[in-house]
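Notes to accompany the following structure.
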Amino acid sequence: MIYLSKNERETQKIAGKLAEKIMKGLSARLPPTPRIWRASRASIITLEGELGAGKTTFVKGFAKALRIKAKIKSPTFVLMKKYTIPKNTKYKIQDTKYLYHLDCYRVRDHRNLVTLDIESLFRSPSNIVLIEWPERVSKILPKKLIRVHIDHINSNTRKITIGW
């Protein structure tokens, strides 16, 4: 899917729609029986684009759609931030979910993420992981993920491409 965004608010709205689609997809897989469905791994979204393209703005909109109240800032210097996704009736997800936001701009390669135990984050179905600058850690990324690419069109307009 390709979207054009004319400002930050529109970028956040597009991100919110993606967040809703992911959460609806998880809740749609719940069986009608009392047995709780579990995904086999985390939902992983990569965010690509130049400096200032709007990757962190996208994350802000994504988190807002999940009703996360925390102020979202890029974790450039801490590498990763973790947010609890509040339970609500809109999405009938049984497990506590977490949103992880990684910024790999200052990372040389995947070995710099060893201390974060990133591979276990990827394995947990309770996680949604958004990764800025994924090309720096591409060797450890799973093949099945959602790619978001943001291009500058002009000072305000962005082209946002979302692919599976």
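The values are calculated or read from the model by the stated rules, or taken from the named source; none is laboratory data. Computed from a predicted model, the values in this text were never measured in an experiment. Here the Cβ is made from the backbone with ideal geometry for all residues, glycine too, and neighbour counts use every protein chain on show. Quick note on the areas: whole protein, heavy atoms, side chains included, nothing else; ligands and nucleic acids left out. Shrake-Rupley method; radii C 1.70, N 1.55, O 1.52, S 1.80 Å.
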Legend entry - Test set (1) part of a helix (DSSP H, G or I); (2) modelled with pLDDT of 95 or more; (3) charged (D, E, K, R) - Glu20 fails condition number: (2)
Legend entry - Pairs, first within 17 Å of Leu47 (Cα to Cα) in the stretch 119-131, second in a helix (DSSP H, G or I) and open to solvent by less than 40 Å² (accessible area, probe 1.4 Å), C-beta under 7 Å, six or more apart: Asn127/Leu121; Ile128/Ile22; Val129/Leu121; Val129/Phe122; Leu130/Val59; Leu130/Phe62
Inset, instruction - State whether one or more residues within the stretch 85-106 are assigned to a loop (DSSP other than H, G, I, E, B), modelled with pLDDT of 90 or more and either in contact with a helix residue (DSSP H, G or I) (Cβ under 9 Å, 6 or more places away or on another chain) or farther than 22 Å from Gly25 by Cβ (or both). - result: yes
Inset, instruction - Might you let me know whether the stretch 112-119 holds any residue that is farther than 23 Å from Met1 by Cβ and at pLDDT 85 or above? - result: yes
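Assess whether Lys64 counts as being open to solvent by 100 Å² or more (accessible area, probe 1.4 Å), part of a loop (DSSP other than H, G, I, E, B) and under 24 Å from Ile2 (Cα atoms). Explain how you work it out, then say what you get.
Working: open to solvent by 100 Å² or more (accessible area, probe 1.4 Å): yes; part of a loop (DSSP other than H, G, I, E, B): no; under 24 Å from Ile2 (Cα atoms): yes.
No, not satisfied.
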Legend entry - Every pair of residues 6+ apart whose Cβ atoms lie under 9 Å, when the first sits in the stretch 41-53 and is open to solvent by 10 Å² or more (accessible area, probe 1.4 Å) while the second is in a loop (DSSP other than H, G, I, E, B): Arg41/Ser124; Arg41/Pro125; Arg41/Pro142; Arg41/Lys144; Ser43/Pro125; Ser43/Leu145; Glu48/Trp133; Leu51/Tyr105
Inset, instruction - Output the number of residues of the stretch 115-129 satisfying the condition of being within 14 Å of Leu141 (Cα to Cα), in a strand (DSSP E or B) and not aliphatic (A, V, I, L, M). - result: 0
Inset, instruction - Please enumerate the residues belonging to the stretch 101-158 that are on the phi > 0 side of the Ramachandran plot and more than 17 Å from the chain's Cα centre (by Cα). - result: Asp117
Legend entry - Selection from the stretch 50-61 of residues that are part of a loop (DSSP other than H, G, I, E, B) and within 17 Å of Ala19 (Cβ to Cβ): Gly54
